[in-house]
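What follows is a set of notes on a single structure, which appears directly below.
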Amino acid sequence: MICTFVDDKNCKHIPFFLSSLYVFTGDIVRSEDIQEIEKLKMLLDKVTISAESEELTNWINRSKGLIKQPNTYNYAYWGLGSKYVKWER
């Protein structure tokens, strides 16, 4: 559902929802929980099919990259107030 909001150009809260996705990914990858990471991979594959916005596509690609290289985790990008998110709309 959050991905749908990010793809909705009329949504006034896209930065909030997008930031939530980055925190979600960061928390799962940092947990090192193999089952949760596998669920995240499946979600990313599913969302890839329907993603329309550049923001959502970037989140998908960056998330896949973080899964492959978890040592690149940086709170500034995967935590609250993610630098990946443009907060002005």
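Numerical summary
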item	result
Theoretical ellipticity at 222 nm over the chain - DSSP helices of four or more residues, -39500 (n - 2.57) apiece, nearest 500	-21000 deg cm²/dmol
Under-26-angstrom lysine pairs by C-alpha in the chain, whenever the two are 8 or more apart or on separate chains	23
On Cα atoms only, tilt of 34-50 relative to the major axis of the chain in degrees	30
Calculated P(r) tail over 11 Å for region 28-72, as whole % of Cα pairs	65
Directionally averaged projected area (convex hull, Cα atoms, the chain), nm²	5.3
Loop GluC sites (Glu not before Pro), region 41-89, which have at most 11 other Cβ atoms in a 10 Å radius of their Cβ (DSSP)	Glu88
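Throughout, read-outs are computed from the coordinates displayed, never taken from laboratory work. Note that the structure is predicted; figures quoted are calculated from it, not measured. Every residue, glycine among them, receives a Cβ derived from its backbone with ideal geometry; neighbour counts consider all protein chains shown.
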